[in-house]
1. Could you check Ala154 against (1) out of contact with any Lys or Arg (no Cβ under 7 Å at 6 or more places or on another chain); (2) small (Gly, Ala, Ser); (3) within 23 Å of Glu125 (Cα to Cα) and say which number it fails?
2. Return the pair list, or none, for Cβ contacts closer than 6 Å from residues in the stretch 301-330 that are part of a strand (DSSP E or B) to residues that are hydroxyl-bearing (Ser, Thr, Tyr) and at pLDDT 95 or above, at least 6 apart or on different chains.
3. Can you find even one residue in the stretch 336-352 that is touching a Cys at 6+ places or on another chain (Cβ under 6 Å), of a type outside the set (S, T, N, Q), crowded, with 19+ Cβ neighbours inside 10 Å and in a loop (DSSP other than H, G, I, E, B)?
4. Which of the residues that make up the stretch 126-177 are without any contact (Cβ under 8 Å) to a residue 60 or more places away in the chain and among the aromatic types (Phe, Trp, Tyr)?
5. Residue check, Ser358 against (1) of a type in the set (Gly, Ala, Ser); (2) at pLDDT 95 or above; (3) over 27 Å from Gly225 (Cβ atoms), all met but one. Which one?
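The values are calculated or read from the model by the stated rules, or taken from the named source; none is laboratory data. Every value quoted in this text rests on a predicted model; they were computed, and no experiment measured them. Cβ atoms come from the backbone with ideal geometry, glycine included; neighbour counts cover every protein chain shown.
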Amino acid sequence: MATSTKPPALTTQPLINSIPADLAPQFEPTYVEYYNNYSAGRLATHQVPIKEYRKDPLRYTISYGHEIIDDGPLVITEEQCPVADGTITVRIFQPDEASGQKPRPVYVNFHGGRWAFGGLETDNEFCKRLALELGCMVFDVDYRLAPEHKFPTAVNDCWAAFNWVRDEKAKSLNLDLEKVSVGGCSAGGHPSAVIAHKCRDKVIPLAFQLLGVPVCDLHVFDPHGELRGDCPYESYREMYHTVPLPAERMGFFHNHFLGCPRPEQLDAYPLDWLVSPIKARDFTGLAPALILTAEMDPLREEGEAYGKKMNEAGSQAEVIRLKGAPHTCMQMDAILESGKQINRESIRALGNTFGKPS
C-alpha cells in the first residue's frame with residue numbers, strides 16, 4: 001500500500017499582474033493597498049481580446065479612488081464636431097452665466113486611454129473641476145479609438161476639434177482666443193504636444209499645454225511592439241514589469257494604434273514626429289508647458305526629456321516628477337497624494353495662464 005509521511009506538494013506563484021516585490025516599496029503605500037485589494041489577480045484590459053472588451057467594457061473595467069465632482073452651476077452639453085469621414089462628440093463645460101461677460105479662457109482636453117480605451121467619462125471630473133475653479137470653458141474631445149481607427153485618425157480628430165472650437169464656437173460661446181490651452185494625460189498628452197507644434201508652425205495663438213504623464217516617444221519600440229535594446233530611457237528598464245503600465249501593455253497599444261508591423265513611413269519625416277513628438281525638428285517658440293511625470297511610470301523619462309528639449313530650445317517647460325506615483329495617479333485623486341498634486345498643479349498653472357492665480 002502506498003503511504004505518505006510528507007505534507008502535500010505546494011508550488012505557488014504570485015497573482016497575475018501583481019506589483020513586483022522590488023517595486024512595491026517605491027509606490028505610495030495607499031496605491032499598493034488598493035491595487036492589491038482590487039486589481040492584483042485580474043486580467044488587465046490589454047489581456048482581453050479587444051473585440052470582447054468592446055462588447056462589454058464594464059465587465060473588464062474597475063475603478064477606485066476617483067473623486068466625483070458636483071456639477072454645481074455648470075451647464076454641460078454635447079455637440080457634434082465634423083471630422084474626416086464623419087463626426088465626433090465634444091462635451092462642453094460652461095460656467096454659469098458665461099454669456100454676456102468678458103470672453104472666457106479655454107481649455108481643450110484630450111482624454112487618456114492609450115488611443116484604444118477611454119472616452120468622455122475618463123476626464124469628466126477633471127474637466128468639471130477646471131471649469132468650476134477657473135471659470136474657463138472646457139471642451140472634452142471624444143476622438144476615435146484604435147484599432148478600429150489607427151494612426152493618424154486620433155491626431156487628426158484632435159486637431160480638427162481644436163480648430164472647430166476656435167473657428168465655430170468662439171463667437172457663440174464668447175471665447176478668448178488669446179487664452180486657449182490644450183492638454184491631456186497619457187495618450188491625451190500626445191496630440192496636445194503635436195498641436196502645440198502645429199500652432200507654432202501656423203502662427204495660431206496657443207497659451208499653454210498641460211501634459212500629464214505624456215506619451216512622447218513610441219519609437220522606443222521596434223515595428224512589432226517590442227522594446228528596443230537601445231531604448232534611451234532607463235525608466236523603461238526600471239519599470240519594465242511595473243503596474244499598471246508595464247512595457248508589455250505599452251507594446252500592445254503601439255501595435256493597435258500604429259499597426260503591427262509599424263508602417264515604414266512612420267519612421268521618417270514628415271510623419272515620425274506625429275507618432276513621437278520628441279522627434280520634432282524644432283522646439284523653439286512653443287507654448288509654455290507644465291509636464292507632470294510619475295516616478296513609477298515607464299514613460300517618466302521620455303516626458304522629462306521632452307521638457308528638456310523645450311527648455312534647451314528657449315521654450316518654457318516646467319517639469320514636476322510625482323513621487324511614488326503610478327501612471328494612472330490622476331484617476332485616483334481622492335486617495336493618492338500624487339493625484340491630488342496633479343489637480344493642484346494643473347489649476348495653479350492654468351490659473352496663472354488665464355490671469356487667475358490660485
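1. Condition (1) is where Ala154 drops out.
2. Cβ pairs passing all conditions: Arg321/Thr293; Leu322/Ser338.
3. Our first condition is that a residue be touching a Cys at 6+ places or on another chain (Cβ under 6 Å); within the stretch 336-352, this holds for 336, 338-339.
Now drop any that are not of a type outside the set (S, T, N, Q), which leaves 336, 339.
The next check asks that each one be crowded, with 19+ Cβ neighbours inside 10 Å; those that pass are 336, 339.
From what's left, in a loop (DSSP other than H, G, I, E, B): 336.
The answer is yes, given that some residue of the stretch 336-352 is touching a Cys at 6+ places or on another chain (Cβ under 6 Å), of a type outside the set (S, T, N, Q), crowded, with 19+ Cβ neighbours inside 10 Å and in a loop (DSSP other than H, G, I, E, B).
4. Matches in the stretch 126-177: Phe139, Tyr143, Trp159, Phe162.
5. Failing condition for Ser358: (2).
Table: residues versus (1) closer than 25 Å to Ala207 by Cα; (2) modelled with pLDDT of 95 or more; (3) touching a strand residue (DSSP E or B) at 6+ places or on another chain (Cβ under 9 Å).
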{"position": "Thr284", "(1), (2), (3)": "yes, yes, no"}
{"position": "Met310", "(1), (2), (3)": "yes, yes, yes"}
{"position": "Ser315", "(1), (2), (3)": "yes, yes, yes"}
{"position": "Pro326", "(1), (2), (3)": "no, yes, yes"}
{"position": "Gln331", "(1), (2), (3)": "no, yes, yes"}
{"position": "Gln341", "(1), (2), (3)": "yes, yes, yes"}
{"position": "Ser346", "(1), (2), (3)": "yes, yes, yes"}
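A quick yes/no check of all residues on (1) crowded, with 24+ Cβ neighbours inside 10 Å; (2) touching a strand residue (DSSP E or B) at 6+ places or on another chain (Cβ under 7 Å); (3) part of a strand (DSSP E or B):
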| residue | (1), (2), (3) |
| --- | --- |
| Pro147 | no, no, no |
| Val155 | no, no, no |
| Trp159 | no, no, no |
| Ala170 | no, yes, no |
| Gly183 | yes, yes, yes |
| Gly189 | yes, yes, no |
| Ala193 | yes, yes, no |
| Lys198 | no, no, no |
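Yes/no per residue for (1) over 26 Å from Ile342 (Cβ atoms); (2) touching a residue at least 40 places away in the same chain (Cβ under 8 Å):
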position	(1), (2)
Val48	yes, no
Asp56	yes, no
Tyr60	no, no
Val75	no, no
Val90	no, yes
Trp115	no, yes
